[in-house]
Amino acid sequence: MSDMQKPNIKDLRACSQMCLKLDVSCPKENSDCRYWIDHEGDSNCTFVAIHNNNGNAMSLREVSERLGVSHVWVSQIEKNMVNKLKKQFKDYAL
């Protein structure tokens, strides 16, 4: 996104668009969807959460609230991911 512009609703998945149009949350039956989150404020959808946040990065606390887990756990996941990325790209360092 350039200059933090809000993602266009047309860029969302079809199911996300429908949930936003109908002003409903994604049903629990879709919890096997890899983008489903247990946060009705964002229609239980990761894409809607990003859309609602204008495409801006979220704090670890915001992510933890959306996922329903502690911010410490989100921080540990972030740290592990950064370490994995460092290992993956260590040969590409400039």
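The values are calculated or read from the model by the stated rules, or taken from the named source; none is laboratory data. Being a predicted model, the structure only gives us computed values, none of them experimental. Heads up, the Cβs are rebuilt from the backbone with ideal geometry, glycines too, and the neighbour counts pull from every protein chain shown.
Tell me whether segment 77-87 contains one or more residues that are surrounded by 12 or more Cβ atoms within 10 Å (Cβ to Cβ), over 10 Å from the mean Cα position of the chain (by Cα) and outside any loop (DSSP other than H, G, I, E, B). Looking through segment 77-87, at least one residue is surrounded by 12 or more Cβ atoms within 10 Å (Cβ to Cβ), over 10 Å from the mean Cα position of the chain (by Cα) and outside any loop (DSSP other than H, G, I, E, B).
Select from segment 25-68 the residues that are among the aliphatic types (A, V, I, L, M), assigned by TED's automatic domain parsing to the domain that holds residue 15 and in contact (Cβ under 8 Å) with a residue 24 or more places away in the chain and list them in ascending order. The answer is 37, 48, 50.
Within segment 16-62, track down each residue that is of a type in the set (Gly, Ala, Ser) and either on the phi > 0 side of the Ramachandran plot or surrounded by 14 or more Cβ atoms within 10 Å (Cβ to Cβ) (or both).
Just the residues of segment 16-62 that are of a type in the set (Gly, Ala, Ser), to begin with: 16, 25, 31, 41, 43, 49, 55, 57, 59.
Selection gives 16, 25, 43, 49, 55.
Scanning segment 42-76 for residues that are within 13 Å of the chain's Cα centre (by Cα), part of a helix (DSSP H, G or I), of a type in the set (Ser, Thr, Tyr) and at pLDDT 80 or above gives a single hit, 64.
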